[in-house]
Each structure stands twice: as structure tokens, then as C-alpha cells.
């Protein structure tokens with residue numbers, strides 16, 4: 001199957017299911033990779049039980065490993081409002097029940113504030129959403145280099161979102177926000193989490209099905225525009241999961 005179509009807000013689009021565009025970051029065993037919020041590096045541990053060794057390279061019959069990772073601190077991950085709520089049922093497994101969405105990719109440069117913070121401001125994104133607001137918005141920040149695949153963000157005060165932009169996206173009905181930064185909020189903000197709260201409209205009008213995906217990587221070869229987003233994750237009863245967002249270019253019929 002080399003062609004398929006979807007209809008969104010009265011417009012039909014075609015796409016090629018055989019041409020996926022992966023915008024996730026791969027996780028490696030103790031190799032250079034992104035890290036934020038002081039998370040320990042990802043590690044793959046060979047399981048040993050009696051005479052059994054879970055490594056073919058070490059003489060075992062099969063590879064059998066344990067993974068040590070922190071979803072919020074290691075690589076691409078998708079989170080629900082449970083990230084800032086005490087509700088035990090607020091898990092990514094319970095909140096995300098659809099996986100295909102019409103998404104718009106927008107490239108934007110953070111603006112430097114007087115205090116030195118670099119922020120993605122409302123005005124630079126709003127103009128891209130004047131017509132046919134998509135179900136998901138993907139933000140690629142400049143400069144966009146391959147260094148994002150290995151950057152250690154902890155203690156560097158990375159760029160973040162103006163909480164007014166997060167509120168605007170919620171007001172327009174954008175259900176899923178994806179970006180190539182460690183967080184939509186400032187690294188150290190005294191626990192205010194203004195952008196998280198604004199996007200989820202928590203706690204008074206909580207958008208329980210909305211998600212935020214952080215630490216994606218969108219290569220320059222992928223052009224701004226409309227895509228079909230396949231938001232893949234692990235079935236975890238946790239507020240967040242490692243994820244593999246994949247895009248398919250949409251072409252209007």
C-alpha cells in the first residue's frame with residue numbers, strides 16, 4: 001500500500017504509509033545521548049541467573065536485558081496531566097486512547113528576554129495557527145543541529161514556552177504539543193509549571209486527553225507543514241512513557 005487518505009475539517013489529504021519520518025531520539029546503552037533534570041544515563045543490564053547469561057556475545061543462548069531509564073530525563077517521552085496531579089488514575093495509558101492526529105510542524109527561534117532566558121513566545125507561533133487549527137502542534141526550535149541528540153541540558157536553563165502560548169494552544173483546541181526541548185517550562189521555576197498547567201488547563205478544567213511530548217528531534221530535511229502524526233508509546237500505568245512520534249507528509253487532494 002503506497003497511498004492512503006484522510007479527511008480533516010472537510011479537506012481530504014493523501015499520504016504514503018511507506019514513507020514514515022521518525023522524530024524520536026534513539027536510546028543507547030551508556031552512549032552519548034540527551035539528558036535533562038539530572039537523570040542518570042540510560043543503561044542496559046545483562047541479566048544473570050545461575051548458569052544463565054543473557055548475552056549471546058558472552059556465551060548465552062539469548063539476549064535478555066534490563067533497562068534503566070527515566071522517561072522525563074532520557075530522550076523522547078510523552079506525558080499526560082498526571083505529571084502534575086496526585087490522581088493515581090492519571091496515567092498516559094488511561095489518558096491517550098487515539099494515536100493518529102493531524103499535526104502542523106512549525107520552526108521557531110526562541111526570543112531572549114532581559115533576564116537572559118530564551119523563550120518561545122506567543123506571537124511567533126500564533127500567526128501559523130490562524131486557519132484550520134490542527135489537532136497537534138510540533139515545534140522545532142532554532143538553531144537545529146544534531147547536537148540535540150546528545151546535549152546535556154541539566155543546569156543550563158534551556159529554552160522554554162511562554163505560558164501564554166500554552167494557554168492559546170489549549171484555547172484553540174490543540175490536543176497534543178510536541179517540541180525538541182526538555183520541558184515546556186523553565187528548568188527551575190519554583191514549582192509553578194505555568195505552561196504545563198495552562199496547556200492542560202489544570203486543575204479547574206483539566207484536559208485529560210491532552211499530551212505533551214518533549215525531547216523530539218526533527219531533522220532539517222523535514223519541511224514545515226501538515227503531517228499525519230502517529231504517536232506511539234509503551235502501555236505504562238505511569239504519567240509518562242518513552243515514545244516514538246512518527247510523521248507522514250499530508251498532500252491535499
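Every number here is computed from the coordinates shown, using simple stated rules; none is lab data. Owing to the predicted nature of the structure, the values given are computational and were not obtained by experimental measurement. Heads up, the Cβs are rebuilt from the backbone with ideal geometry, glycines too, and the neighbour counts pull from every protein chain shown.
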Antiparallel DSSP beta bridges within the chain, percent to nearest 5: 70 percent
Residue 97/residue 51 FRET efficiency (R0 35 Å; Cβ-Cβ; nearest 0.05): 0.20
Spin-label pair residue 149/residue 109, simplified geometry with 7 Å Cα→Cβ offset, distance in nm: 2.5 nm
Distance from region 190-253 to region 130-155 (C-alpha centre basis), Å: 11 Å
Span per principal axis, largest first, for the Cα atoms of region 22-167 (Å): 63, 35, 31
Cα gyration tensor category, rounded, prolate or oblate, for region 171-231 with a/c compared to 1.5: oblate
Region 1-32-region 95-113 distance, computed between alpha-carbon centres (Å): 14 Å
Added length on full extension, which subtracts the Cα-Cα distance from 0.36 nm per residue, residue 64 to residue 142: 24.1 nm
Gain upon complete extension [residue 235, residue 126; 0.36 nm per residue less C-alpha separation]: 35.9 nm
Alpha carbon convex hull of the chain, projected area averaged over orientations, nm²: 16.3 nm²
Virtual paramagnetic centre 7 Å along Cα→Cβ of residue 18, amide N under 13 Å, in region 205-248: none
